Every structure is written in C-alpha cells, then in structure tokens.
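Q: Dropping the structure in here first, questions after.
The values are calculated or read from the model by the stated rules, or taken from the named source; none is laboratory data. Only a predicted model underlies this, so the values are computations on that prediction, with no experimental measurement involved. For neighbour counting, all protein chains shown are included, and Cβ atoms are generated from backbone atoms with ideal geometry for every residue, glycine included.
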Amino acid sequence: MKVCSRHIATDQLIEPKTLDGRRRLVKGAVPTLFEWNHFTAQTPRASVWERRERPTEPVSREEQEEHIDVRDHDYCSTPEPASLDMSSQATEDNSKTLEDLQKQLQELRVQREFCLQRFAGSDDNIRFYTRFPNYNHLMAFWILIEPSIYKMVRVTRAISAAKRNEEVVTHARPSTRQLLQPIDEFFLFLCFLSVGLKERDLANRFNVHQSTVSRIIATWTSFLTTLLGSQCIWLTPAEVQAHLPEAFKDFPDTQVILDCTELRCQTPSSLLLQSEMYSTYKAHCTMKALVGIAPHGAVTFVSSLYGGSVSDKEIFKQSGIAALLTKNMAVMVDKGFLISDCCKCKVYCPPFLSKQKQMPAYQVRETQAIARLRVHVERVIRRIKENNLFDGVIFLSHAYNINQLYAVKLSEQSTGQEMGEIRQDDDTCAGSCD
C-alpha cells in the first residue's frame, strides 16, 4: 500500500539503505499531518524554465530592431575635438614617461655594469683604473688605435690557424661572438696593467669567464706591442733641437737621457736562474731594463728586460742603442753608468772625486746641473711603477709576456703622455732630485 509521505512524521519513516530504495513506515505508524492541525506543505521548487528571467512587458518589433542596431563603438562617428586633444596629450605623456623610464633603465644598467662608460664622468676613477690623466686623454689615445682594432688577430684564432698550418685572416668587422665591446676589452687590459687586478677578479667584475679574461689580455698585449712597436719613437737630432728646453742651454747636444730600472720578480726554483736574476742592489731577484728620454721628456728608447745580475754597461751594449748614437750627439747618465769607453759619442756624467780631497767648484756646479736634468728620467720610471703590475713582485706566470707588457706601457706613455717642456725652476728640480 502506498501512502503520501507528506502526512507522515519523519520519525515514523525508515530511510532506505540504497539510493534507489523506497522509504518504509514504522510498524503502527498513522498519518497525523493535516490542514486542520495547521500543517503547511513545503512549496515545490520551480523548474529551470520557470526560474529564467523574462521581460515584464512585451517588446515591439521597432524597439527590437533599434536594440539590434546599437553597437559598442560607432566607427563612423566623429569624436569631439576635446576628446581628441585629451587622447593626443595622454599619448605624448605616455611616450615621454616611457622615454624617461628607458633612460633610467639604461643609467641603472651602466651603473651596475663594470665598464668604461660607468667611470667616464670621473677623472679620478679614470686615473685610478687606467693611469691616463683624464677621460678625454684616454679617448684621444683610443682614437689613434681604433682604426687598427678590426685587424686584431685573436689568440684563439691564431692557435687554430697554426694547428691547421693556415694563414690567419683578419676581419674588417668585429666578431659577433665577442662578449665585450672592443673599448671595454681595452679597459679590462688597462685595469690588469694599471691596477694589477687578478684574472678571477676581472672575470667577476666584467661578468665573463676567467679564460676569456686571459685570452683578452694575451690578445691585447700582442696587438698593442705590434701596433705601438711599429712606431719609431727615436728622434732625429733636428727634432730634439726643435724641442730643446731652455734648461739644456749648457748641454745643447744632448740627444738622450739614460737610466736603468729594476722590476722585482718571483724567485725561480732553478739555482742557475736565481744567480742570473739576483740583484745585489735590490737584494732580490729582478728584471732590468734601459730607458731613454729626450731632453723635452718624450720616451725615445725602451730596451728588453734582462736579468738583475746584468750590469748597466752590458745592457747598454746589448740593447742596441749604441748603434743609434753618433759623434755629434751626447748622452746624459748617472754616475754609476760607466759607458765612456764603449760609446762613440760624448757622455755627460757627474764627475768622480777620485784622489781629490774636495771637488772643485765647477765640478760641484756641473754635478748639480746634471742631477737637476736627470731627475726627469727618474720621473718617467716612477710613472711606470705607478702601475701595480710593475710595482709589486711579478709572478713567473707572466714571464712569457712581461717584456711585451713593459714595452706597451712605455709606448703608451711615449704616445699619449709626453711631459712637455721641462720646468726651469731650479729649486723644484733640486728638491725632486734630493
């Protein structure tokens, strides 16, 4: 028998154990829910179709067509002039804002990167990292060498060509595979030479691999040695006389001022090399070189590096400068530079006391005059040693190219950093000599 469940209380119904099962009545259950005992049946839920929204009033055909013709944008209509002005102004403002943001981004990128452009506005930083006096001076030197940069032979390309027994072909344009711009490679080389930064430090600063730094240094060393070494820095007597300072009026035939400098190096393990490189003057293993400048201060001669045990006289003989000197010339040297017997030209050298108890007055004045003029070659050498690579102890790992590095630095100084006319202030010169 089927009974309507609306009139049965819920506590008298037995729920089915399955989803498709039927509910059953408790034994003795009777209908108790009717209208006369104030029972209200639950309102049945409306169907999906009944719940759908419908227009309250009927829509006419004309209204329907009008509704269909309405579009989101009417492209045929002409906007108001005020709206056009506002749109163009907004576009200009957005463009200007975008340009400002791009400029700020570029400035932040330059500040973050370690490159030459980052320090272009600070002459102090340029002087510290490159030893050039200012940015303009550095760029003047760069303009001199830039046309030849694209003929540069990379170390890796030269090694590959040598293995295949092929001739190295230079390219008119830089390779797209280069990680750094040529001017930043040059800046890296100067940082290595001037500040003495290690290869790993340079790799971290320039965000490249350490092997890349090593190849850049080797490439630029060979390139600058070839380029600057091809320039003749030796001056003719006429050129020297054209720039002869007034301070040399008592020594008018002076062609070159000579002096030797020593660079400390790491002690080699070989006892034979130790004996060849040990300098009794420095009490250390050194490399020795001869430097010559013209009376007006330009570097005109640079010799190769020799062992520290070699005497100044022997370096003078082996360097080849004797072949450049003639009888009409004169050289100015220090007292310990004993080259009078192996030099065919006149030698200006401070006199020795010999067996005299006291020097005559004219010899004292001659000694002071030569010392005042010779001090300028010592200033050139001092500027070379301002580069930390040459000021400290040179590692033997740089022995294969130290000659080239030394020649490059002196050639840079000769090309881009001429001293100009020597000052004639005797007190200043004498003080510097002391």
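Q: Taking the stretch 346-379 only, how many residues are basic (K, R) and part of a strand (DSSP E or B)? Even if it seems obvious, please write down each step before you answer.
A: Step one: list which residues in the stretch 346-379 are basic (K, R), which gives 346, 355, 357, 365, 372, 374, 379.
Of the ones still in play, those that are also part of a strand (DSSP E or B) are 346.
Selection size over the stretch 346-379: 1.
Q: Residue check, G336 against (1) modelled with pLDDT of 85 or more; (2) assigned to a loop (DSSP other than H, G, I, E, B); (3) of a type outside the set (D, E, K, R); (4) within 17 Å of K288 (Cα to Cα), all met but one. Which one?
A: G336 satisfies every listed condition except (1).
Q: If you don't mind, another one. Within the bounds of the stretch 296-304, is there any residue that is surrounded by fewer than 22 Cβ atoms within 10 Å (Cβ to Cβ), of a type outside the set (D, E) and under 20 Å from G392 (Cα atoms)?
A: Yes, there is a match, as at least one residue in the stretch 296-304 is surrounded by fewer than 22 Cβ atoms within 10 Å (Cβ to Cβ), of a type outside the set (D, E) and under 20 Å from G392 (Cα atoms).
Q: If you go through the stretch 72-84 one residue at a time, do you hit one that is at pLDDT 80 or above and exposed (fewer than 10 other Cβ atoms within 10 Å of the Cβ)? Even if it seems obvious, please write down each step before you answer.
A: Looking only at the stretch 72-84, we keep the residues that are at pLDDT 80 or above, and these are none.
Checked against the condition, which is being at pLDDT 80 or above and exposed (fewer than 10 other Cβ atoms within 10 Å of the Cβ), the stretch 72-84 yields no hits at all.
Q: If Q231 passes every condition in (1) without any contact (Cβ under 8 Å) to a residue 60 or more places away in the chain; (2) loosely packed, with under 15 Cβ neighbours inside 10 Å but one, which one does it miss?
A: That leaves (1) as the condition not met.
Q: In this structure, is V291 under 15 Å from I381 (Cα atoms) and either under 36 Å from the mean Cα position of the chain (by Cα) or of a type in the set (K, R) (or both)? Give the derivation first.
A: Values: under 15 Å from I381 (Cα atoms): yes; either under 36 Å from the mean Cα position of the chain (by Cα) or of a type in the set (K, R) (or both): yes.
Taking the combined requirement at face value, the residue satisfies it.
Q: More than 30 Å from K249 (Cβ to Cβ) and crowded, with 20+ Cβ neighbours inside 10 Å: which single residue out of F395, F390, F316 fits that description? Let's see the steps before the verdict.
A: Numbers: F395 fails: crowded, with 20+ Cβ neighbours inside 10 Å; F316 fails: more than 30 Å from K249 (Cβ to Cβ).
Within the list F395, F390, F316, the selection yields F390.
Q: Something else now. With the condition kept exactly as written, say whether any residue in the stretch 372-391 is free of Cβ contacts under 8 Å to residues at least 40 places away in the same chain, within 30 Å of R127 (Cα to Cα) and not hydrophobic (A, V, I, L, M, F, W, C). Explain how you work it out, then say what you get.
A: Restricting attention to the stretch 372-391, the residues satisfying the condition of being free of Cβ contacts under 8 Å to residues at least 40 places away in the same chain are 382.
Still in the list and also within 30 Å of R127 (Cα to Cα): 382.
If we keep only those that are not hydrophobic (A, V, I, L, M, F, W, C) as well, we get 382.
Checking the stretch 372-391: at least one residue is free of Cβ contacts under 8 Å to residues at least 40 places away in the same chain, within 30 Å of R127 (Cα to Cα) and not hydrophobic (A, V, I, L, M, F, W, C).
Q: Let me ask something additional. Go through the stretch 293-348 and give me each residue that's in contact with a Gly (Cβ under 9 Å, 6 or more places away or on another chain) and within 17 Å of I370 (Cα to Cα).
A: Across the stretch 293-348, the qualifying residues are H296, G297, V331.
Q: Moving to a separate point now. Considering only residues of the stretch 120-170 that are among the acidic types (D, E) and either modelled with pLDDT of 90 or more or under 13 Å from F186 (Cα atoms) (or both), which is surrounded by the fewest Cβ atoms within 10 Å (Cβ to Cβ)?
A: From the stretch 120-170, those among the acidic types (D, E) are 123-124, 146, 166-167; that's our starting set.
Of the ones still in play, those that are also either modelled with pLDDT of 90 or more or under 13 Å from F186 (Cα atoms) (or both) are 123-124, 146.
On the way: D123: 16, D124: 9, E146: 13.
Within the stretch 120-170, the match that is surrounded by the fewest Cβ atoms within 10 Å (Cβ to Cβ) is D124.
Results for (1) surrounded by fewer than 18 Cβ atoms within 10 Å (Cβ to Cβ); (2) aromatic (F, W, Y), shown as yes or no for each residue.
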| site | (1), (2) |
| --- | --- |
| F189 | no, yes |
| F192 | no, yes |
| V195 | yes, no |
| L202 | no, no |
| F206 | no, yes |
| S214 | yes, no |
| L224 | no, no |
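Here is a yes/no grid of residues against (1) in contact (Cβ under 8 Å) with a residue 40 or more places away in the chain; (2) outside the structural domain of L193 (by TED's automatic domain parsing); (3) part of a strand (DSSP E or B); (4) not aliphatic (A, V, I, L, M):
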| site | (1), (2), (3), (4) |
| --- | --- |
| A247 | yes, yes, no, no |
| V256 | yes, yes, yes, no |
| E262 | yes, yes, yes, yes |
| S275 | no, yes, no, yes |
| T286 | no, yes, yes, yes |
| G297 | yes, yes, no, yes |
